[in-house]
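The values are calculated or read from the model by the stated rules, or taken from the named source; none is laboratory data. Given the structure is predicted, the values throughout are model-derived calculations rather than measurements. So basically every Cβ, Gly included, is an ideal-geometry build from the backbone, and we count neighbours across all protein chains shown.
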Amino acid sequence: MEPAKILVVDDDAGVRDVVRSMLEAEGYSVTVAQNGREAIIALKSQSFRVMITDLVMPEQEGIETIKVVLRDYPSVKVIAMSGAFGGDYLRIAGYLGAHGTLAKPLQLATVLKVVADALAS
């Protein structure tokens, strides 16, 4: 069976690399983008089962990106991640329809569980 394709979106290269490593070690196929604009370009050219996106980013932030993905790519499960504003942005992402949320700093077991839950939903 082909591995699930996951798009990881974060303006911090360190976070992108860590999340990519976590997911690839579990057998997922991972593509990265550094902001929402790059994520939308990737979604236009490839199909993904899950997108994990940071919420606070330059150029196109996560809340706007989530709205576009839920509207234009409804089959993609969205997971929001953030360490900003005491979790308020994560709550907003949940209200918008994100399938899961991850608070930074990220924990391996939590990332894997939230991704598995999104894929199963």
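Regarding ALA120, is this residue modelled with pLDDT of 95 or more and not β-branched (Val, Ile, Thr)?
yes
Could you say whether any residue in the stretch 81-92 is under 11 Å from the mean Cα position of the chain (by Cα) and either modelled with pLDDT of 95 or more or not small (Gly, Ala, Ser) (or both)?
So far as the stretch 81-92 goes, yes, one or more of its residues are under 11 Å from the mean Cα position of the chain (by Cα) and either modelled with pLDDT of 95 or more or not small (Gly, Ala, Ser) (or both).
Please state which one of VAL69, VAL56, VAL78 is surrounded by 14 or more Cβ atoms within 10 Å (Cβ to Cβ) and within 21 Å of GLU2 (Cα to Cα).
VAL78
State all residues of the stretch 94-112 that are in a helix (DSSP H, G or I) and not small (Gly, Ala, Ser); if no residue qualifies, say none.
Residues satisfying the conditions are TYR95, LEU96, LEU108, THR110, VAL111, LEU112.
Condition check ((1) in a helix (DSSP H, G or I); (2) touching a residue at least 12 places away in the same chain (Cβ under 8 Å)) across all residues:
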| site | (1), (2) |
| --- | --- |
| ILE41 | yes, no |
| LYS44 | yes, no |
| SER47 | no, yes |
| MET57 | no, yes |
| GLU64 | yes, yes |
| GLY87 | yes, yes |
| ILE92 | yes, yes |
| VAL114 | yes, yes |
| LEU119 | yes, yes |
